[in-house]
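Peer 1: The structure that follows is given in the form of structure tokens.
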Amino acid sequence: MYASRATDGSRVRRAALPRPIGDYGLLGDTRTAALVSSDGAVDWLCVPRFDGAPVFGRLVGGPTAGTFRVGPARSAAAVVARRYRGHTATLETTWALGERRLILSEAMVAEVAGRLLPSTLLVRRLSAEGGAVDAIVEFDPRLGERHRPPRVRRGRRALVCEWGSLAVSLGCAPELVVEPGRPAAITVTPDQPVTLVLAVGHREPLVEVDPATAWGLVAEDEARWEAWTAGIDRSLPYRDAAVRSLLTLRLLTYSPSGAPVAAPTTSLPEDPGGVRNWDYRYVWPRDASIGVAAFLGVGKVAEARGFLAWLLHASRLERPRLPVLLTLDGRHAARERQLQGWVGYAGSVPVRVGNGAADQHQLDGYGWVIDAAWVLVQAGHRLYSETWRALRGFADLVARRWPEPDAGIWELRDDAAQHVHSKLMGWLALDRALRIADTHRLPARQRRRWQAARDAIAAEVRTRGFDPAKKSYTRSYGSSDLDAALLILPLLGFEDVDSPRVRDTIDAIRNELSAGGPLLYRYPSGRDGLPGAEGAFLPCSFWLVQALARTGRHAEAVELFQALLDQANPLGLYAEEMDPSTGAHLGNFPQTLTHAALIQAALALRDPQRPADRQATAAQGRRQKAENRRAPSDDHPA
Amino acid sequence: MDWTGWALFGLVATTTLTAVMITAQLAGLTRLDLPLALGTLVTADPDRARVAGFFIHLTVGQVFALGYAATFALLRGPTWWLGALLGLLHVAVALTVLLPLLPGVHPRMASPRAGPASTAVLEPPGLLALNYGIQTPAVAIIAHLVYGGVLGLLLQAR
């Protein structure tokens with residue numbers, strides 16, 4: 001048993017300056033996720049799921065919101081290596097103290113079903129090389145909005161912290177006496193690693209897991225992740241980066257419902273010190289739709305079908321309206337409110353929970369979802385009649401409501417406008433629905449209605465959404481502002497990819513919205529009604545890669561993609577935004593949309609002619625119609 | 001014990017309950033779809049599942065109706081209000097015991113502990129089936145009050 005030595009210095013030192021957002025690594029089990037800094041501190045973990053209450057909330061809640069640090073005792077220790085082990089979710093951080101090394105290996109156990117294991121299990125192992133190393137364990141769980149300290153008792157083999165129906169236990173081998181909120185010092189020797197196991201029991205008894213067994217479970221998970229990633233298309237360019245993004249996307253997908261959470265955090269600021277702090281622990285149908293194409297493109301068909309199944313199941317309560325965002329269970333998001341007393345990341349207040357965008361009308365969502373279904377149909381999957389009924393409902397709504405102004409993809413909270421991107425996505429929704437109808441039953445009257453609406457949108461966008469002076473499509477009717485969301489233009493089939501309008505729009509966005517280097521702003525600064533300024537929007541840069549690749553500018557696309565890969569944090573993770581002057585990651589982290597856009601960009605580099613391919617595949621799909629009719633349906637129950 | 005009444009009115013009451021649930025679903029009040037949840041025990045196709053699930057539900061409803069009829073026989077005979085009271089007990093058991101147990105036996109329903117290897121696609125109902133919408137408990141209570149009330153009323157009328 002280790003005798004712990006209390007120390008108070010580290011807490012004071014850590015409180016002074018927040019770690020950069022990009023300093024954090026992601027640990028996850030596909031039900032919830034933890035963010036761990038390079039000094040070994042888990043500063044964010046919500047339980048029992050992504051949108052649960054934080055037990056470690058220091059990242060945005062300040063020093064009293066709880067942390068769980070395991071690392072070197074001396075602040076002089078330098079991180080010399082930080083990586084995920086192979087293509088797995090196990091994170092490894094190595095510190096150097098002279099000739100000696102302290103290594104922290106950690107992961108959350110993802111596969112617990114069918115076994116007597118807690119649903120949340122975090123395993124952290126310290127090992128030493130080259131001699132004994134002094135380390136520190138600081139365990140300070142605080143629950144929820146008020147940072148409630150736990151009722152503490154010492155169990156048979158673990159420390160147990162309780163808050164009513166929630167309990168967290170911390171076991172250690174060799175045994176270590178830890179008191180919450182009181183850092184304990186230990187010495188790690190090369191012949192004896194120290195393994196800490198954190199287990200969570202929520203509305204169920206705690207299940208104690210022996211540290212050796214827990215470490216074995218991590219090894220089993222590693223083998224599973226390696227097997228899962230081995231199934232990813234070998235011809236994918238920049239495969240390592242794409243695999244890390246796919247793994248991140250999978251880690252951020254809530255397995256019990258199949259819902260991809262936008263990010264595991266709330267209120268990491270887009271403008272440090274400012275008010276642009278939002279809760280992203282929700283699911284945007286747009287992200288799930290992009291995920292369908294991303295997973296399908298790399299050969300992960302089950303995941304792609306799972307996303308579509310979730311979309312159709314979750315949207316059921318509000319059909320034919322497609323909600324802008326949903327909870328992990330497909331419920332309406334909670335009313336947005338501000339957490340009182342939360343200091344925010346780097347003083348960025350308010351810290352918000354809930355999301356006020358939930359009640360907006362956004363036309364583009366329908367386009368993303370129906371296009372995702374079309375991608376599946378293109379790949380030879382026939383939709384269940386119920387799925388097709390739901391999609392027809394969405395298309396009917398688009399045909400009816402497309403002339404209305406909407407909040408647009410950027411969810412601006414001032415007045416709705418006639419966004420060109422939204423109209424284009426409305427066009428996409430109807431176009432793809434009509435294409436799906438080539439192999440699925442559709443009444444002639446409904447088909448005529450969709451065709452008429454699609455053609456009307458096209459005519460209106462070409463006249464009112466294009467600025468001849470700028471030679472570019474614009475952000476909204478009558479405006480001369482540009483919108484980086486329009487970079488999806490060459491993917492739609494709305495215009496020929498070689499058309500001057502497409503090429504000039506891409507160039508105009510690249511010039512006018514450039515944030516320097518490979519980065520782009522999503523719209524001109526100061527046009528969103530919020531105080532302060534935001535960073536460059538990373539998904540837009542990946543959309544630019546896609547646009548360049550699809551319009552035959554492969555060399556430019558490759559160059560840009562490589563430059564963007566250099567902007568990832570050392571673990572290959574991306575936030576939503578980036579400070580163009582410092583390269584600091586901004587906003588919630590890591591971000592599903594950015595990683596999904598990265599995968600799509602890699603796919604565009606692999607298949608630059610995809611829009612044309614789509615037409616060809618569609619024709620092929622029609623030829624296979626008879627065969628498809630004989631084959632069993634291939635998506636999931638909605 | 002009124003065997004003929006049980007045989008006929010059990011079917012009527014279960015069909016009525018199903019109709020109430022489907023109406024609530026179409027009105028956007030809940031995503032709880034009992035025919036789908038039961039039918040996907042035997043097939044993944046939602047359209048076929050609903051047909052199979054409807055008949056499974058009729059059978060299950062008939063078994064429950066047997067309990068109602070036996071209780072009526074033991075107490076003061078069937079009345080609509082006694083049926084409704086039994087319906088209240090029935091829905092309490094369904095929401096707190098039966099539905100939460102379903103992920104343990106359903107091959108296509110994920111559990112709240114599902115991990116990346118899970119191929120189950122039906123979402124688990126969660127506490128009081130709230131995962132299927134916040135109004136789900138209210139809808140289920142009304143449907144079961146109607147079930148018990150209809151059964152009691154029809155058996156009383158014989």
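Peer 1: With (1) in a helix (DSSP H, G or I); (2) within 30 Å of residue A:116 (Cα to Cα); (3) modelled with pLDDT of 90 or more; (4) within 14 Å of chain A (Cβ to nearest Cβ) as the list, and residue B:104 as the residue in question, which single condition is left unmet?
Peer 2: So residue B:104 meets the others, but not (3).
Peer 1: Only residues in the stretch A:22-33 that are without any contact (Cβ under 8 Å) to a residue 24 or more places away in the chain and more than 11 Å from chain B (Cβ to nearest Cβ) count as the first member; pair them with residues that are surrounded by 24 or more Cβ atoms within 10 Å (Cβ to Cβ) and aromatic (Phe, Trp, Tyr), Cβ under 7 angstrom, at least 6 apart or cross-chain, and list the lot.
Peer 2: none
Peer 1: While we're on this one: Do the conditions hold for residue A:263, that is, is it surrounded by fewer than 24 Cβ atoms within 10 Å (Cβ to Cβ), under 30 Å from residue A:119 (Cα atoms), more than 14 Å from every other protein chain (Cβ to nearest Cβ) and among the hydrophobic types (A, V, I, L, M, F, W, C)? Working first, answer last.
Peer 2: Values: surrounded by fewer than 24 Cβ atoms within 10 Å (Cβ to Cβ): no; under 30 Å from residue A:119 (Cα atoms): yes; more than 14 Å from every other protein chain (Cβ to nearest Cβ): yes; among the hydrophobic types (A, V, I, L, M, F, W, C): yes.
Spelling it out, it is not the case that residue A:263 is surrounded by fewer than 24 Cβ atoms within 10 Å (Cβ to Cβ), under 30 Å from residue A:119 (Cα atoms), more than 14 Å from every other protein chain (Cβ to nearest Cβ) and among the hydrophobic types (A, V, I, L, M, F, W, C).
Peer 1: Can you tell me which residue within the stretch A:311-331, out of those that are within 8 Å of chain B (Cβ to nearest Cβ), in contact with a strand residue (DSSP E or B) (Cβ under 9 Å, 6 or more places away or on another chain) and not aliphatic (A, V, I, L, M), is surrounded by the fewest Cβ atoms within 10 Å (Cβ to Cβ)?
Peer 2: Among them, the one singled out is A:318.
Peer 1: Here is a follow-up. Would you mention how many residues in the stretch A:355-402 are over 21 Å from residue A:290 (Cβ atoms) and either surrounded by fewer than 21 Cβ atoms within 10 Å (Cβ to Cβ) or β-branched (Val, Ile, Thr) (or both)?
Peer 2: The number of residues fulfilling the criteria is 9.
Peer 1: Counting just the residues of the stretch B:117-137 that are part of a loop (DSSP other than H, G, I, E, B) and surrounded by fewer than 22 Cβ atoms within 10 Å (Cβ to Cβ), which one comes out modelled with the highest pLDDT? Give the steps one after another, and end with the answer.
Peer 2: Going residue by residue through the stretch B:117-137, those that are part of a loop (DSSP other than H, G, I, E, B) are B:117-121, B:123-126, B:133-135.
Cutting the leftovers down to surrounded by fewer than 22 Cβ atoms within 10 Å (Cβ to Cβ) gives us B:117-120, B:126, B:134-135.
Numbers: B:117: 88, B:118: 84, B:119: 78, B:120: 76, B:126: 85, B:134: 87, B:135: 91.
Filtering the stretch B:117-137 for residues that are part of a loop (DSSP other than H, G, I, E, B) and surrounded by fewer than 22 Cβ atoms within 10 Å (Cβ to Cβ), the one modelled with the highest pLDDT comes out as B:135.
Peer 1: Okay, next question. Can you tell me which of (1) modelled with pLDDT of 95 or more; (2) of a type in the set (D, E, K, R); (3) out of contact with any strand residue (DSSP E or B) (no Cβ under 6 Å at 6 or more places or on another chain) is the one residue A:106 doesn't meet?
Peer 2: Only one criterion is unmet by residue A:106, namely (3).
Peer 1: Turning to a different aspect of this structure: Looking at the stretch B:100-120, which of its residues are aliphatic (A, V, I, L, M) and without any contact (Cβ under 8 Å) to a residue 24 or more places away in the chain? Walk me through it before giving the result.
Peer 2: Restricting attention to the stretch B:100-120, the residues satisfying the condition of being aliphatic (A, V, I, L, M) are B:101-102, B:105, B:109-110, B:114, B:117, B:120.
Answer for the stretch B:100-120, where residues must be aliphatic (A, V, I, L, M) and without any contact (Cβ under 8 Å) to a residue 24 or more places away in the chain: B:101, B:105, B:110, B:114, B:117, B:120.
For (1) in contact with a Gly (Cβ under 7 Å, 6 or more places away or on another chain); (2) over 15 Å from residue A:423 (Cα atoms), each residue gets a yes or a no:
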{"site": "A:454", "(1), (2)": "no, no"}
{"site": "A:465", "(1), (2)": "no, no"}
{"site": "A:473", "(1), (2)": "yes, no"}
{"site": "A:488", "(1), (2)": "no, no"}
{"site": "A:497", "(1), (2)": "no, yes"}
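Peer 1: Can you list the helices (runs of 4 or more DSSP H) lying wholly within the stretch B:1-93 that have 1 or more residues being closer than 19 Å to residue A:310 by Cα and of a type outside the set (Val, Ile, Thr)? Even if it seems obvious, please write down each step before you answer.
Peer 2: Working: elements: B:3-26, B:34-39, B:46-74, B:80-93.
Answer list for the stretch B:1-93: B:3-26, B:34-39, B:46-74.
Peer 1: State whether the residues of the stretch A:268-284 include one that is more than 10 Å from chain B (Cβ to nearest Cβ), among the aliphatic types (A, V, I, L, M) and under 19 Å from residue A:409 (Cα atoms). Walk me through how you get there before you give the answer.
Peer 2: Filtering the stretch A:268-284 for residues more than 10 Å from chain B (Cβ to nearest Cβ) gives A:268-284.
With the extra rule that they be among the aliphatic types (A, V, I, L, M), the set shrinks to A:268, A:275, A:283.
Then keep just the ones that are under 19 Å from residue A:409 (Cα atoms); that gives A:283.
Within the stretch A:268-284 (the criterion being more than 10 Å from chain B (Cβ to nearest Cβ), among the aliphatic types (A, V, I, L, M) and under 19 Å from residue A:409 (Cα atoms)), the answer is yes, since at least one residue qualifies.
Peer 1: Working only within the stretch A:181-196, note down all residues that are within 17 Å of residue A:122 (Cα to Cα) and either in contact with a Leu (Cβ under 7 Å, 6 or more places away or on another chain) or surrounded by fewer than 20 Cβ atoms within 10 Å (Cβ to Cβ) (or both).
Peer 2: From the stretch A:181-196, those within 17 Å of residue A:122 (Cα to Cα) are A:193-196; that's our starting set.
Once the filter is applied, which keeps residues that are within 17 Å of residue A:122 (Cα to Cα) and either in contact with a Leu (Cβ under 7 Å, 6 or more places away or on another chain) or surrounded by fewer than 20 Cβ atoms within 10 Å (Cβ to Cβ) (or both), the stretch A:181-196 yields A:193, A:194, A:196.
Peer 1: Applying the selection to the stretch A:488-515, what residues are in a loop (DSSP other than H, G, I, E, B) and without any contact (Cβ under 8 Å) to a residue 40 or more places away in the chain? Explain how you work it out, then say what you get.
Peer 2: Filtering the stretch A:488-515 for residues in a loop (DSSP other than H, G, I, E, B) gives A:493-499, A:513.
Within the stretch A:488-515, A:495, A:496, A:499, A:513 meet the criteria.
Peer 1: Select from the stretch A:458-487 the residues that are part of a loop (DSSP other than H, G, I, E, B) and touching a His at 6+ places or on another chain (Cβ under 8 Å) and write down the one among them that is nearest to residue A:407 (Cα to Cα). Show your work before the answer.
Peer 2: Of the residues in the stretch A:458-487, the ones part of a loop (DSSP other than H, G, I, E, B) are A:465, A:468-471, A:474-475, A:477-483.
Filter once more, so that each one left must be touching a His at 6+ places or on another chain (Cβ under 8 Å): A:475, A:483.
Working: A:475: 12, A:483: 14 Å.
Among them, the one singled out is A:475.
Peer 1: Here are some conditions: (1) of a type in the set (Val, Ile, Thr); (2) within 22 Å of the chain's Cα centre (by Cα); (3) away from chain B (no Cβ under 14 Å). Residue A:439 meets all but one. Which one does it not meet?
Peer 2: Going through (1) of a type in the set (Val, Ile, Thr); (2) within 22 Å of the chain's Cα centre (by Cα); (3) away from chain B (no Cβ under 14 Å) one by one, residue A:439 breaks only (2).
Peer 1: How about the stretch B:91-123: which of its residues are touching a strand residue (DSSP E or B) at 6+ places or on another chain (Cβ under 6 Å) and not hydrophobic (A, V, I, L, M, F, W, C)?
Peer 2: Correct list: B:103, B:108.
Peer 1: Within the group A:310, A:368, which residue is within 19 Å of the chain's Cα centre (by Cα), among the aromatic types (Phe, Trp, Tyr) and modelled with pLDDT of 90 or more?
Peer 2: Details: A:310 fails: modelled with pLDDT of 90 or more.
A:368 is the lone residue from the list that is within 19 Å of the chain's Cα centre (by Cα), among the aromatic types (Phe, Trp, Tyr) and modelled with pLDDT of 90 or more.
Peer 1: Pick from the stretch A:88-112 the residues that are part of a loop (DSSP other than H, G, I, E, B) and away from every other protein chain (no Cβ under 13 Å): which of them is nearest to the chain's Cα centre (by Cα)?
Peer 2: So in the stretch A:88-112, the residues part of a loop (DSSP other than H, G, I, E, B) come out as A:88-90, A:98-99, A:109-112.
Okay, now just the ones that are also away from every other protein chain (no Cβ under 13 Å), so A:90, A:98-99.
Working: A:90: 18, A:98: 38, A:99: 38 Å.
Checking each candidate, the answer is A:90.
Peer 1: Testing residue A:306 on (1) touching a helix residue (DSSP H, G or I) at 6+ places or on another chain (Cβ under 6 Å); (2) within 13 Å of chain B (Cβ to nearest Cβ); (3) buried (at least 23 other Cβ atoms within 10 Å of the Cβ); (4) not aliphatic (A, V, I, L, M), one condition comes back false. Which one is that?
Peer 2: Failing condition for residue A:306: (1).
Peer 1: Working carefully through the options A:328, A:308, A:322, A:317, find the one that is within 13 Å of residue A:390 (Cβ to Cβ) and touching a Phe, Trp or Tyr at 6+ places or on another chain (Cβ under 6 Å).
Peer 2: Numbers: A:328 fails: within 13 Å of residue A:390 (Cβ to Cβ); A:308 fails: touching a Phe, Trp or Tyr at 6+ places or on another chain (Cβ under 6 Å); A:317 fails: touching a Phe, Trp or Tyr at 6+ places or on another chain (Cβ under 6 Å).
Within the list A:328, A:308, A:322, A:317, the selection yields A:322.
Peer 1: What is the number of the single condition among (1) closer than 30 Å to residue B:85 by Cβ; (2) more than 8 Å from chain A (Cβ to nearest Cβ) that residue B:109 does not meet?
Peer 2: In the conditions (1) closer than 30 Å to residue B:85 by Cβ; (2) more than 8 Å from chain A (Cβ to nearest Cβ), residue B:109 misses (1) alone.
Peer 1: Which residues, counting only those in the stretch B:138-158, are within 14 Å of another protein chain (Cβ to nearest Cβ) and crowded, with 21+ Cβ neighbours inside 10 Å? Step through it out loud before you land on a result.
Peer 2: Going through the stretch B:138-158, the residues within 14 Å of another protein chain (Cβ to nearest Cβ) turn out to be B:138-139.
B:139, the sole residue that qualifies.
Peer 1: Do we have residue B:53 as closer than 16 Å to residue B:143 by Cβ and either away from every other protein chain (no Cβ under 14 Å) or touching a Lys or Arg at 6+ places or on another chain (Cβ under 6 Å) (or both) here? Steps first, please.
Peer 2: Details: closer than 16 Å to residue B:143 by Cβ: yes; either away from every other protein chain (no Cβ under 14 Å) or touching a Lys or Arg at 6+ places or on another chain (Cβ under 6 Å) (or both): no.
When the stated conditions are applied, residue B:53 does not pass them.
Peer 1: Testing residue B:48 on (1) more than 12 Å from chain A (Cβ to nearest Cβ); (2) surrounded by fewer than 22 Cβ atoms within 10 Å (Cβ to Cβ); (3) over 24 Å from residue B:126 (Cα atoms), one condition comes back false. Which one is that?
Peer 2: (1)
Peer 1: In this structure, is residue B:11 more than 14 Å from chain A (Cβ to nearest Cβ) and crowded, with 20+ Cβ neighbours inside 10 Å? Spell out the reasoning first.
Peer 2: Details: more than 14 Å from chain A (Cβ to nearest Cβ): yes; crowded, with 20+ Cβ neighbours inside 10 Å: no.
No.
Peer 1: Still on this model: Considering only residues that are within 20 Å of residue A:67 (Cα to Cα) and at pLDDT 95 or above, which ones fall in the stretch A:187-224? Lay out the reasoning, then the answer.
Peer 2: So in the stretch A:187-224, the residues within 20 Å of residue A:67 (Cα to Cα) come out as A:194-202.
Passing the criteria: A:194, A:195, A:196, A:197, A:198, A:199, A:200.
The values are calculated or read from the model by the stated rules, or taken from the named source; none is laboratory data. Not measured: the values here are computed from a predicted model. Virtual Cβ from ideal backbone geometry, glycine too; neighbours counted across all protein chains shown.
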